[in-house]
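A short write-up of the structure that comes next.
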Amino acid sequence: MQLVVARVGRAHGIKGEVTVEVRTDEPELRLAPGAVLATDPASAGPLTIETGRVHSGRLLLRFEGVRDRNGAEALRNILLIAEIDPEELPEGEDEYYDHQLIDLDVVTKDGVEVGRITEISHLPSQDLFIVERPDGTEVMIPFVEEIVTEIDLEEQRAVIDPPPGLIDERAEVASTRDASGDEA
């Protein structure tokens, strides 16, 4: 199974280093020196990581054969793809790889269908499930213990206990109106 683990950003300095936008929870494993990564577009790779370091909060990588700023700049916006064993599991309990969560059905603790996870967004503060609803709209659900109460990989579902207004703002607005339709 192939997973996008990073996107190459701009060149850094004159010796072939690039910034990368990390898209994996395990950059120390997936983006370590010696890792060979496929690319999208495929014509750019495969690329082998020669060195990696953190500078001012950003991960910088240098790839074998890329020795100058021009070579680094040519890689800008390339997606880096790692080959992952689908049976591989994260080290920690209650940790999941994105590919394990994509396509899970999302239901409330009362059994109400919310939709299907189509994407995981990794933000600095927290991860978000991007859930496609049956009507085609999307809702973002924070992947935090207080809201996502259960992940059941066997049943292929995520159970949530959303706070009021997270899933359906219209329901919250409707509950604040009196029977005549005026604001309460």
| Which one of these is touching a strand residue (DSSP E or B) at 6+ places or on another chain (Cβ under 8 Å), modelled with pLDDT of 90 or more and over 21 Å from ARG23 (Cα atoms): THR118, THR137, THR149? | THR149
| query | Just a yes or no: is a residue in region 52-67 hydroxyl-bearing (Ser, Thr, Tyr), out of contact with any helix residue (DSSP H, G or I) (no Cβ under 9 Å at 6 or more places or on another chain), crowded, with 16+ Cβ neighbours inside 10 Å and not assigned by TED's automatic domain parsing to the domain that holds GLN126? | reply | no
| request: Could you list, in sequence order, all residues of region 1-23 that are among the polar types (S, T, N, Q) and in contact with a His (Cβ under 8 Å, 6 or more places away or on another chain)? | output: THR19
| request: Could you list all residues from region 112-126 that are over 17 Å from THR24 (Cβ atoms), in a strand (DSSP E or B) and of a type in the set (S, T, N, Q)? | output: THR118
| remark: The condition of being among the hydrophobic types (A, V, I, L, M, F, W, C) and at pLDDT below 90 holds, among VAL20, VAL36, VAL5, only for VAL5
| note | Considering residues that are over 17 Å from PHE143 (Cβ atoms) and modelled with pLDDT of 85 or more, the number found within region 74-109 is 9
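The values are calculated or read from the model by the stated rules, or taken from the named source; none is laboratory data. All of these numbers come straight from a predicted model, not from anything done at the bench. Virtual Cβ from ideal backbone geometry, glycine too; neighbours counted across all protein chains shown.
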